[in-house]
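One structure is given below, encoded as structure tokens.
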Amino acid sequence: MNYLGITLTANSTGEEIEPIAKAIHKIVGLPVTMRTLNRRGVRIEKGKVLDYNYSGPILEKALEMNATVRSIPKTGKYTGIPVVVTTIKNEDGYGIAAIGVVDVVGTIDLGTAFGDYPNIVNQVSDILKSRIMVP
């Protein structure tokens, strides 16, 4: 079998970056968007590519700032939904692509969700402590 590698550049197309975005989508099970610096990219939801010519305001903002951005877009496909977007940097530290997901933590009011369950935090903490082995 002949395996081809994946090359990511600032000019990669939606079709070229699809495997990366799909892998992230499969891991998190959430909508994923991705674009490169100079080209629009992909939007994936429920295992399907919905758009190969996608961009969004937070993808663009992350690329402009070359940083991770947590925000609620005022325009675009995810208007009013918290998202988190980060850049993929080249060896010189420049953002050549941005990838984003719906920010499920940002969509939950943790105080409301767990306000009546103060023991949940203690239970999770106890479980995590039990998994840590002291040398």
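Comparison of Asp126, Asp116, Asp92 shows that the only residue that is outside any strand (DSSP E or B), open to solvent by 30 Å² or more (accessible area, probe 1.4 Å) and at pLDDT 95 or above is Asp92.
Within the range 70-104, the set of residues being of a type in the set (S, T, N, Q) and over 16 Å from Thr36 (Cα atoms) comprises Ser71, Thr75, Thr79. Meeting the requirement of 1 or more residues that are modelled with pLDDT under 95 and open to solvent by less than 40 Å² (accessible area, probe 1.4 Å), no strands (runs of 3 or more DSSP E) wholly within the range 1-62 can be named.
The values are calculated or read from the model by the stated rules, or taken from the named source; none is laboratory data. Remember, predicted model here, so these are calculated numbers, not experimental data. These accessible areas exclude ligands, DNA and RNA; they are computed on the full protein's heavy atoms, side chains included. Shrake-Rupley method; radii C 1.70, N 1.55, O 1.52, S 1.80 Å.
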